[in-house]
Number of protein chains: 4
Amino acid sequence: MNKLSFKGAIPPMITPFQADGRLDLDAHIYNLKKWNEVELGGYLVLGSNSEAAYLSEQEKLSLIEATVLHTKEGRPVIAGTGMESTLETIRLTNKAAALGAQAALLLTPFYYKGKMNESAIIRHFMTIADDSDIPIMLYNVTKFTGINVSSRVVTEISAHPNIIGMKDSSGNIGQLIHFQEAALDNFQVLTGTASIWYPALSLGVTAAVMALANCAPKECVQIQKYYESGKLEEAKALYRRMVPLNTAVTATFGIAGLKYVCERAGFRGGYVRNPLSELTIEEKTRLDAIIEKAELLK
Amino acid sequence: MNKLSFKGAIPPMITPFQADGRLDLDAHIYNLKKWNEVELGGYLVLGSNSEAAYLSEQEKLSLIEATVLHTKEGRPVIAGTGMESTLETIRLTNKAAALGAQAALLLTPFYYKGKMNESAIIRHFMTIADDSDIPIMLYNVTKFTGINVSSRVVTEISAHPNIIGMKDSSGNIGQLIHFQEAALDNFQVLTGTASIWYPALSLGVTAAVMALANCAPKECVQIQKYYESGKLEEAKALYRRMVPLNTAVTATFGIAGLKYVCERAGFRGGYVRNPLSELTIEEKTRLDAIIEKAELLK
Amino acid sequence: MNKLSFKGAIPPMITPFQADGRLDLDAHIYNLKKWNEVELGGYLVLGSNSEAAYLSEQEKLSLIEATVLHTKEGRPVIAGTGMESTLETIRLTNKAAALGAQAALLLTPFYYKGKMNESAIIRHFMTIADDSDIPIMLYNVTKFTGINVSSRVVTEISAHPNIIGMKDSSGNIGQLIHFQEAALDNFQVLTGTASIWYPALSLGVTAAVMALANCAPKECVQIQKYYESGKLEEAKALYRRMVPLNTAVTATFGIAGLKYVCERAGFRGGYVRNPLSELTIEEKTRLDAIIEKAELLK
Amino acid sequence: MNKLSFKGAIPPMITPFQADGRLDLDAHIYNLKKWNEVELGGYLVLGSNSEAAYLSEQEKLSLIEATVLHTKEGRPVIAGTGMESTLETIRLTNKAAALGAQAALLLTPFYYKGKMNESAIIRHFMTIADDSDIPIMLYNVTKFTGINVSSRVVTEISAHPNIIGMKDSSGNIGQLIHFQEAALDNFQVLTGTASIWYPALSLGVTAAVMALANCAPKECVQIQKYYESGKLEEAKALYRRMVPLNTAVTATFGIAGLKYVCERAGFRGGYVRNPLSELTIEEKTRLDAIIEKAELLK
């Protein structure tokens, strides 16, 4: 079989909004063109950092369409089309496919978390895979969902020819190895956080979907280049420099923080949507110091 | 001021689906007519037990419309129109209002839980209240959202004339009293679980939105009648008899269990939607024993 | 069988320390004499509020001895002699028995929480019950232990003639009813928190071990008296008045707060032991306002 | 300054018990002599895997004494002398020092977890460091304590000349880097789990206290040797082979599992103490398969 696979740093793209909350597609396209200039491994549209939870279906489709249209030739576009309902996920995934997305990254359903046991999750992904027009991947992100999939789930779903991988955002290297061991052939485990980008590379991971790749795409790419050319010390040093910035734009300051750093790095971050809050001046000052220490703008 | 207030047992109505997953509006109307025969205090359409997470917007609107149309004269219809986005919540709430819903019960947003601090939640509800055509209530349900609102949030939002109350599903009596104390005048605290129906009544709560009112509406109503007529021992005895059944149709067996007991009690439960799973035969047997012990069908 | 049973409000007694951290037995005896003047239902020595985690075995034995010696005739003394190890618990419990304690309240072991499944907990309690010279009770306190026992555990252990009851500190009325239903005859479920004292009374609970009984013993006793003499409105009003004070001396300000309120109410609270911290002046001011609102000193 | 520092794999030694629960010091000495034959970096006596929660003080002192006496010349002995009380911790630590332990690894206190904020934890460690006769280290192990220390705590305590490091058992590489960055000079961050042994080495960690070093000491040592001699592929391959075995002897089967694998590897594991349970035959069979796959006995 000749499955789609991924290589490189992939930004889970932010979605710029205007001050009144409207989607700013122009800013999105502007960002995309800037990202196209870096050797990124593809794009994730509608991931957690896109504020997908706040987007209408029409906005989601517009974003997919614009992304496919403006993506540099040869770069895969992954769409985050997971919904709580199995059938709705199939429906939205196939709309994304029709617009040109090459793969879908699907959240584990989680609202009724007490009932989302192994068999419910396996059935959800197997059913979608059967009916999806593009290959799918599982997105394991416990901090948002409260769900952490087991190795058994990985073994089962990796047997399906249309399920080509997973993104694990746990930051837990031991778990990542368990997932790698549990997966059957031709199933790719991507890391979902820059906090383990270097160690993950050293353990055979070849692609990462990580928030940091929005605002520090060159650095994310460079860590992998260093690693692959055997410059391990340089890779490690750059990775270590990026870890505090990554923590800042994820756990500490969230999407508003990520957008602020994007702005400072020349992208168009725009506003966050309510109920998310913009950064305070004091938070921006703290973040400025972290940007400086990470030498991001040098 | 003459705010809307609630009295009595209110079922967060299940949504019957057909075997292929399609919405079964006829079954919903059938159930509604049966519930109309009992002295319930109103209806919640699109609550957690409705599998709202699995419904499309069109299905939501159909359910609101059918509910308003078939509800017994004088009974308020509350719509669960909470979305993650502040603006989307306003939009959907006003559609519900246009269809005749009298109030909206709105989940605290929770996907980006690390950022849903007091001020974000307060701003979310105040903004919606400003623009909503019907009064709104806050829905605090930690087991699904991971968010538990503070007394300060209750004090702040209760000052808004268009925020008329909240539903607390914690089952924690001490917390319920704190919410009652924290609220300004004309703000109603409803309990969201039958597990404290009798104690809540004895502490001044007058209305409850509770899963059990789907399958045991008469019993839920009777507990309150006994209480209000001073028959405390009868009220307590019936309440105690219902607690294990309530646990079964919520924590233990979830919505599939609730629908099964509804079927056994003469309602049309129908199927659950994927990724939820139907009960196994073994689970049904366990549930039959609990129904028997609760003397539900006598 | 003629098992020991409890009735009334029971303080899990604080342990006064001097400024240098030394045990202040005189202050303890002073407090005991004051509590003796109120119609309390007995005493718990070495509960969580005693800072038992910070006491040496010799200090524990001194406290049991002094308590037994100075307790008003006829009031049972319960000792908190639970340890992580089954054998150590038996050893300490029998020392307490030799000093005159009438019963032991034993924490579920919890350090290796991943392995403290139902069968491990049942075996722990059954083994201790076999070898204990006094009757024992299970102490279920999830906020400290991370363990919440199941109804099955209650059913199993309640069959042992030397296991006479349990204290549940969850504040969850639904769970308390499940425990009552699960227990075989002659097994008493005590509540472990004043946050549900009135509702628990109304559901057949006759005794409570609650932090609040340290600093507000008369009020805790009076709630029950009102309840038992049919003055339900008075019982409820007093209970409601006490709930915020109870929250303050438990969840909000912890043992340092409890000791401060004890001091203000005429008891000798003394210092807390390190690593616990004394209240700041700002915290004392906040607590003064809560005391005032509860009308504790009137 | 010339602080003590650690290098290599350090077993948090199991404590063998006899069938009746008595401490089996001979078996402990037997194990120690076998571990002495491998190039381990020292020993931790009284860590979590020693069932320290079940040991009396006299047993603890016997174990320290025996360990110091039988340890190979030049290998540091670390004692786990953390207690909940600050003063008790000082007392026990100095007894350990008098018996020849070179350093102490101290659990964060956790029973009153709601009050164990940054300042309480910092004061606890600073006070102990002032009065301890040997250097101390902080032991951060959230799965047992529910406490996860912040970078600020690390910065503060690392300024104390008698606090020489910490063990972080989180398995979270991003957090480990934050701790490394937060620490002032001459403060060593050890990893507390074999699940990140190779990545931790690649990021400058030079010592690990890990359960797996009990039953697979040669393999744990060999991973580091390979790494340091530049044989990265061999290091990674061996590490990957060990990860599933490590999960088995920690999260999955706990101390009973670890002791079973120790027995199979020629050590004297002995029995666990109650309330821990021995493995069932079925569990042993599952563990045998994991041992086989890890090629431990080849």
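For segment D:84-101, how many residues meet the condition of being touching a Gly at 6+ places or on another chain (Cβ under 8 Å) and touching a residue at least 40 places away in the same chain (Cβ under 8 Å)? Talk me through it step by step, then tell me what you get.
Within segment D:84-101, the subset touching a Gly at 6+ places or on another chain (Cβ under 8 Å) is D:87, D:89.
From what's left, touching a residue at least 40 places away in the same chain (Cβ under 8 Å): none.
Of the residues in that region, 0 qualify.
Output the residue which, of all residues in segment B:29-58 that are in contact (Cβ under 8 Å) with a residue 40 or more places away in the chain and in a helix (DSSP H, G or I), is farthest from B:C220 (Cα to Cα).
B:Y54
Of the conditions (1) within 14 Å of chain B (Cβ to nearest Cβ); (2) crowded, with 19+ Cβ neighbours inside 10 Å; (3) over 30 Å from D:M126 (Cα atoms), C:C215 satisfies every one except a single condition; which number is it?
(1)
Taking into account only those residues within segment B:227-245 that are out of contact with any Phe, Trp or Tyr (no Cβ under 6 Å at 6 or more places or on another chain), closer than 23 Å to B:N36 by Cα and in contact (Cβ under 8 Å) with a residue 40 or more places away in the chain, which is surrounded by the most Cβ atoms within 10 Å (Cβ to Cβ)?
Looking at residues that are out of contact with any Phe, Trp or Tyr (no Cβ under 6 Å at 6 or more places or on another chain), closer than 23 Å to B:N36 by Cα and in contact (Cβ under 8 Å) with a residue 40 or more places away in the chain, I get B:M242.
Which condition breaks for D:L176 when tested against (1) surrounded by fewer than 22 Cβ atoms within 10 Å (Cβ to Cβ); (2) closer than 25 Å to D:K225 by Cα; (3) within 14 Å of chain A (Cβ to nearest Cβ)?
Tallying (1) surrounded by fewer than 22 Cβ atoms within 10 Å (Cβ to Cβ); (2) closer than 25 Å to D:K225 by Cα; (3) within 14 Å of chain A (Cβ to nearest Cβ), D:L176 fails exactly one: (1).
Looking at A:I134, A:I121, which one is under 20 Å from A:I90 (Cα atoms) and assigned to a helix (DSSP H, G or I)?
Working: A:I134 fails: assigned to a helix (DSSP H, G or I).
Of the residues listed, the single one that is under 20 Å from A:I90 (Cα atoms) and assigned to a helix (DSSP H, G or I) is A:I121.
Quick grid of which residues meet (1) of a type outside the set (A, V, I, L, M); (2) more than 13 Å from chain A (Cβ to nearest Cβ); (3) under 22 Å from B:C215 (Cα atoms):
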| residue | (1), (2), (3) |
| --- | --- |
| B:S5 | yes, yes, no |
| B:L25 | no, yes, yes |
| B:K72 | yes, yes, yes |
| B:P76 | yes, yes, yes |
| B:G80 | yes, no, yes |
| B:T86 | yes, no, no |
| B:A103 | no, yes, no |
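Just checking, does segment C:181-191 include any residue being buried (at least 23 other Cβ atoms within 10 Å of the Cβ), touching a residue at least 60 places away in the same chain (Cβ under 8 Å) and either among the aliphatic types (A, V, I, L, M) or on the phi < 0 side of the Ramachandran plot (or both)? I'd like the intermediate steps shown before the answer.
Step one: of segment C:181-191, the residues buried (at least 23 other Cβ atoms within 10 Å of the Cβ) are C:187, C:189-191.
Filter once more, so that each one left must be touching a residue at least 60 places away in the same chain (Cβ under 8 Å): C:190.
Imposing the further condition that a residue be either among the aliphatic types (A, V, I, L, M) or on the phi < 0 side of the Ramachandran plot (or both) reduces the set to C:190.
Yes: segment C:181-191 contains one or more residues that are buried (at least 23 other Cβ atoms within 10 Å of the Cβ), touching a residue at least 60 places away in the same chain (Cβ under 8 Å) and either among the aliphatic types (A, V, I, L, M) or on the phi < 0 side of the Ramachandran plot (or both).
Would you check if there is a residue in segment B:281-290 being of a type outside the set (K, R) and either buried (at least 23 other Cβ atoms within 10 Å of the Cβ) or under 20 Å from B:K34 (Cβ atoms) (or both)?
Going residue by residue through segment B:281-290, those that are of a type outside the set (K, R) are B:281-283, B:285, B:287-290.
Pick out the ones that are also either buried (at least 23 other Cβ atoms within 10 Å of the Cβ) or under 20 Å from B:K34 (Cβ atoms) (or both) and you get none.
No, that holds for no residue.
Please count how many residues of segment D:203-212 are part of a helix (DSSP H, G or I) and surrounded by fewer than 24 Cβ atoms within 10 Å (Cβ to Cβ). Talk me through it step by step, then tell me what you get.
Keep residues of segment D:203-212 that are part of a helix (DSSP H, G or I), which gives D:212.
Narrowing further to those that are surrounded by fewer than 24 Cβ atoms within 10 Å (Cβ to Cβ): none.
Looking only at that region, the number is 0.
On the given criteria, is C:L296 surrounded by 17 or more Cβ atoms within 10 Å (Cβ to Cβ) and touching a Ser or Thr at 6+ places or on another chain (Cβ under 9 Å)? I'd like the intermediate steps shown before the answer.
Details: surrounded by 17 or more Cβ atoms within 10 Å (Cβ to Cβ): yes; touching a Ser or Thr at 6+ places or on another chain (Cβ under 9 Å): no.
Judged against the criteria, C:L296 is not a match.
Which members of segment D:246-266 meet the condition of being crowded, with 22+ Cβ neighbours inside 10 Å and touching a residue at least 60 places away in the same chain (Cβ under 8 Å)?
Of everything in segment D:246-266, those that are crowded, with 22+ Cβ neighbours inside 10 Å and touching a residue at least 60 places away in the same chain (Cβ under 8 Å) turn out to be D:I255, D:L258, D:K259, D:C262.
Return only the number of the condition from (1) modelled with pLDDT of 95 or more; (2) more than 18 Å from the chain's Cα centre (by Cα); (3) part of a loop (DSSP other than H, G, I, E, B) that B:D185 does not satisfy.
(1)
Please go through segment B:242-283 and give me each residue that is in contact with a Pro (Cβ under 6 Å, 6 or more places away or on another chain) and within 13 Å of chain A (Cβ to nearest Cβ), ordered by number.
B:P275
Of all residues being over 14 Å from D:A79 (Cβ atoms) and among the small types (G, A, S) in segment D:17-63, which is surrounded by the most Cβ atoms within 10 Å (Cβ to Cβ)? Just the residue, please.
Per the stated criteria, the residue is D:G41.
From the list A:E278, A:E234, A:E263, exactly one residue is closer than 24 Å to A:L55 by Cα, of a type in the set (D, E, K, R), at pLDDT 95 or above and assigned to a helix (DSSP H, G or I). Which is it? Lay out the reasoning, then the answer.
Details: A:E278 fails: assigned to a helix (DSSP H, G or I); A:E234 fails: closer than 24 Å to A:L55 by Cα.
Result of the check over A:E278, A:E234, A:E263: A:E263.
Test C:N148 against the criterion of being within 14 Å of chain B (Cβ to nearest Cβ), closer than 28 Å to B:H178 by Cα, surrounded by fewer than 21 Cβ atoms within 10 Å (Cβ to Cβ) and of a type outside the set (K, R), and give yes or no. Show your work before the answer.
Values: within 14 Å of chain B (Cβ to nearest Cβ): yes; closer than 28 Å to B:H178 by Cα: yes; surrounded by fewer than 21 Cβ atoms within 10 Å (Cβ to Cβ): yes; of a type outside the set (K, R): yes.
Yes.
Could you tell me which residue of segment A:110-134 is nearest to the other protein chains (Cβ to nearest Cβ), considering only residues that are in contact with a Gly (Cβ under 8 Å, 6 or more places away or on another chain) and surrounded by 17 or more Cβ atoms within 10 Å (Cβ to Cβ)? Please lay out each step first, then the result.
Residues of segment A:110-134 in contact with a Gly (Cβ under 8 Å, 6 or more places away or on another chain): A:110, A:112-115.
Checking the rest, the ones that are also surrounded by 17 or more Cβ atoms within 10 Å (Cβ to Cβ) come to A:110, A:112, A:115.
Values: A:F110: 9, A:Y112: 6, A:K115: 5 Å.
The qualifying residue nearest to the other protein chains (Cβ to nearest Cβ) is A:K115.
Being in a loop (DSSP other than H, G, I, E, B) and modelled with pLDDT of 95 or more is the filter here; which residues of segment B:1-18 pass it?
Kept after step one, since they are in a loop (DSSP other than H, G, I, E, B), are these residues of segment B:1-18: B:1-7, B:11, B:13-16, B:18.
Result: B:F6, B:K7, B:P11, B:M13, B:I14, B:T15, B:P16, B:Q18.
Would you mind stating whether D:Q222 is under 15 Å from D:A294 (Cα atoms) and of a type in the set (S, T, N, Q)? Before you say what the answer is, go through the steps one by one.
Details: under 15 Å from D:A294 (Cα atoms): yes; of a type in the set (S, T, N, Q): yes.
The answer is yes for D:Q222.
Which of the numbered conditions does B:T93 fail, given that it passes all the others? Conditions: (1) crowded, with 17+ Cβ neighbours inside 10 Å; (2) within 14 Å of chain C (Cβ to nearest Cβ); (3) under 22 Å from B:I78 (Cβ atoms).
(2)
Assess whether C:T86 counts as being in contact with a Leu (Cβ under 7 Å, 6 or more places away or on another chain), at pLDDT 95 or above and under 23 Å from D:M83 (Cα atoms).
Values: in contact with a Leu (Cβ under 7 Å, 6 or more places away or on another chain): no; at pLDDT 95 or above: yes; under 23 Å from D:M83 (Cα atoms): yes.
Taking the combined requirement at face value, the residue does not satisfy it.
Only one of C:T247, C:T252, C:T280 is among the β-branched types (V, I, T) and under 17 Å from the mean Cα position of the chain (by Cα); which? Walk me through how you get there before you give the answer.
On the way: C:T252 fails: under 17 Å from the mean Cα position of the chain (by Cα); C:T280 fails: under 17 Å from the mean Cα position of the chain (by Cα).
Within the list C:T247, C:T252, C:T280, the selection yields C:T247.
Against the definition (of a type in the set (G, A, S), within 27 Å of B:W197 (Cβ to Cβ), without any contact (Cβ under 8 Å) to a residue 12 or more places away in the chain and assigned to a helix (DSSP H, G or I)), how does C:A200 come out, yes or no? If you could, list the steps in order and put the result at the bottom.
Working: of a type in the set (G, A, S): yes; within 27 Å of B:W197 (Cβ to Cβ): yes; without any contact (Cβ under 8 Å) to a residue 12 or more places away in the chain: no; assigned to a helix (DSSP H, G or I): yes.
No.
Of these, A:L69, A:L61, A:L87, which one is in contact with a Lys or Arg (Cβ under 7 Å, 6 or more places away or on another chain), farther than 26 Å from A:S151 by Cβ and either aromatic (F, W, Y) or assigned to a helix (DSSP H, G or I) (or both)? Quick ask: steps written out before the conclusion?
Numbers: A:L69 fails: in contact with a Lys or Arg (Cβ under 7 Å, 6 or more places away or on another chain); A:L87 fails: in contact with a Lys or Arg (Cβ under 7 Å, 6 or more places away or on another chain).
The unique qualifying residue is A:L61.
The values are calculated or read from the model by the stated rules, or taken from the named source; none is laboratory data. These numbers were taken from a predicted model, which means no experiment stands behind them. Don't worry about glycine lacking a Cβ; one is built from the backbone with ideal geometry, like all the others, and counts go over all protein chains shown.
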